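The block underneath contains the structure these notes are about, expressed in structure tokens.
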Amino acid sequence: MEKKTESYDVVIIGGGAASLTAGIYCGRAKLKTLIIEKTLVGGLATYTNEIENYPGFPDGTTGLGLMDLFHKQAKKFGVDFKLTDVKKVSLEGDLKRVETFRNVYEAKAVIIGSGGKPRLTGARNEEKFLYDKGISFCATCDAAANTGKTVMVIGSGDAAIEEGMFLTKFADKVIVSVMHDNGNMDCNEIAKAQALSNPKMEFLWNTVVESFEGEERLDTVVLKNVKTGENLPVKVDSCYLFIGYLPNTELFQGILTMNRGGYLITNERMETNLPGVYGIGDVRDKFLKQVATAVGDGAVAGYGAEKYLSECEIFEKQVMNEGNPSLVYIYNGIDAHSRELLPAFKELEETRKDMRVSCIDIYKSDGIAKRLGVHNSPCALWIKGSKIQGKIEGEITQDQIENMCRES
């Protein structure tokens, strides 16, 4: 089957909070933007019944309600949505390709917000109680809903124990299932000591989950003792799984730089190792995974994508001058020496009609300088036939500029 090809300015993979925010920024910048989401627009946040720590909602909100607002705002700015799965990507070069089962979407910028998924136990009936039916993955999101109740935490790593201690601020009892021997935990020693001395925390050692039980909602977690094989039913109001997190980055293996856990490595601008490709939200290596931090990621990437596309156009039409002679001055607007040379280049712009003169300020963005292989300023370059023919760096004088132009 021949796939239909469509062109966009920006393609965003994933439809969670970070992706929707990036879409809002791109759409508002008048960029033709597509968001591809394979399941539910809004991502994991839609499964959270109550969100009380997102600014602007003093009475709290539901995850589904909040993401619906994000969705409507993105659509307001003309963002297109496709509910389908991405099968293949080609992210190298100026034109990127994102393939689904039926279509190929081409774009100059791609933002990856494919999120991730919590690692599951694989125990019996687990799927039946996920998210809003008793099994949760975010204590920060759902703790208040467990005020005065009994909850269970599965796991003993830093996240499990720290989130468990946070839950004790609300729940009457926090039961922790640990697969190791008595006293052995995977968390840091400080957290371990604090947890063991917390009167609200109870530890069940050498246990793993055998099954989850209940009618419409979870009410019992059956634990299995890994040494004796004995099953222990434990009555709970909810259960939190903290046994790891799996980013949805399989599609980008060998293409984008990742850490050992499979998370995308980005800089503070959300840029990956490939120009024009950004990583946002839960898919990237970051300290805190929340809707609020996802929004920040999306805003940065959306703004960055708009700047990148603008620089692409300037680079091709102005800097490279479509193969015609071009004199380019790279300077930093806050550097006095760099500014002193500006009048000389402005004069050349008026007197030399046989070439194009461009002055590029790198104070706010160094994207064009990077494309030219320039890492220091000031720097003057003579370009012809879309290739750099001459280059002057450092202490540039007007005589050097005139000589370079004369030799051209």
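Worth a mention:
- Conditions (1) surrounded by 15 or more Cβ atoms within 10 Å (Cβ to Cβ); (2) in contact (Cβ under 8 Å) with a residue 60 or more places away in the chain; (3) farther than 12 Å from Asp237 by Cβ; number of the one not met by Met201: (2)
- So Arg339, is it more than 19 Å from Tyr308 (Cα to Cα), of a type outside the set (A, V, I, L, M, F, W, C), open to solvent by 60 Å² or more (accessible area, probe 1.4 Å) and under 40 Å from the mean Cα position of the chain (by Cα): yes
So that you can scan it fast, the table gives a plain yes or no per residue for (1) touching a residue at least 60 places away in the same chain (Cβ under 8 Å); (2) open to solvent by less than 20 Å² (accessible area, probe 1.4 Å); (3) of a type in the set (A, V, I, L, M, F, W, C):
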{"residue": "Asp172", "(1), (2), (3)": "no, no, no"}
{"residue": "His180", "(1), (2), (3)": "no, no, no"}
{"residue": "Met185", "(1), (2), (3)": "no, no, yes"}
{"residue": "Glu189", "(1), (2), (3)": "no, no, no"}
{"residue": "Val221", "(1), (2), (3)": "yes, yes, yes"}
{"residue": "Val234", "(1), (2), (3)": "yes, yes, yes"}
{"residue": "Cys239", "(1), (2), (3)": "yes, yes, yes"}
{"residue": "Pro247", "(1), (2), (3)": "yes, yes, no"}
{"residue": "Glu250", "(1), (2), (3)": "no, no, no"}
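- Count of residues meeting criterion [under 35 Å from the mean Cα position of the chain (by Cα), closer than 18 Å to Met179 by Cβ and among the acidic types (Asp, Glu)] in region 207-266: 1
- Hits in region 127-159 - residues which are among the hydrophobic types (A, V, I, L, M, F, W, C), closer than 23 Å to Tyr54 by Cα and in a helix (DSSP H, G or I): Ala139, Cys141, Ala143, Ala144, Ala145, Ala159
- Filtered by the rule that a residue be closer than 30 Å to Leu223 by Cα, open to solvent by 30 Å² or more (accessible area, probe 1.4 Å), of a type in the set (D, E, K, R) and in contact (Cβ under 8 Å) with a residue 24 or more places away in the chain, region 93-128 gives Lys117, Arg119, Arg124, Lys128.
- Of the residues making up region 371-394, those that are in contact (Cβ under 8 Å) with a residue 40 or more places away in the chain and open to solvent by 70 Å² or more (accessible area, probe 1.4 Å) are Arg371, Lys384.
- Selection from region 297-311 of residues that are of a type outside the set (A, V, I, L, M, F, W, C) and either buried (at least 18 other Cβ atoms within 10 Å of the Cβ) or touching a Cys at 6+ places or on another chain (Cβ under 6 Å) (or both): Asp297, Gly298, Gly302, Gly304, Glu306, Tyr308, Glu311
- Only one of the numbered conditions (1) among the hydrophobic types (A, V, I, L, M, F, W, C); (2) at pLDDT below 95; (3) touching a Leu at 6+ places or on another chain (Cβ under 8 Å) is violated by Val283, and that is (2).
- Test: residue in region 111-123 that is part of a strand (DSSP E or B) and in contact with a Ser or Thr (Cβ under 6 Å, 6 or more places away or on another chain): no
- Residue in region 41-66 that is surrounded by the most Cβ atoms within 10 Å (Cβ to Cβ), counting only those that are in a loop (DSSP other than H, G, I, E, B) and at pLDDT below 90: Thr48
- Evaluation of Ile330 against (1) touching a His at 6+ places or on another chain (Cβ under 9 Å); (2) in a strand (DSSP E or B) (one fails), failing number: (1)
- Candidates Ile255, Ile314 - the one that is open to solvent by 20 Å² or more (accessible area, probe 1.4 Å), in contact (Cβ under 8 Å) with a residue 24 or more places away in the chain, of a type in the set (Val, Ile, Thr) and assigned to a loop (DSSP other than H, G, I, E, B): Ile255
- When residues of region 67-81 are limited to those that are assigned to a helix (DSSP H, G or I) and over 19 Å from the mean Cα position of the chain (by Cα), the one nearest to Leu40 (Cα to Cα): Asp68
The values are calculated or read from the model by the stated rules, or taken from the named source; none is laboratory data. Note that the coordinates shown come from a computational prediction; the quantities given were computed from them, not determined experimentally. Using ideal geometry, Cβ is built from the backbone for each residue, glycine included, and neighbour counts are taken over all protein chains shown. Just the protein is used for accessible areas: all its heavy atoms, side chains included, with ligands, DNA and RNA removed. Shrake-Rupley method; radii C 1.70, N 1.55, O 1.52, S 1.80 Å.
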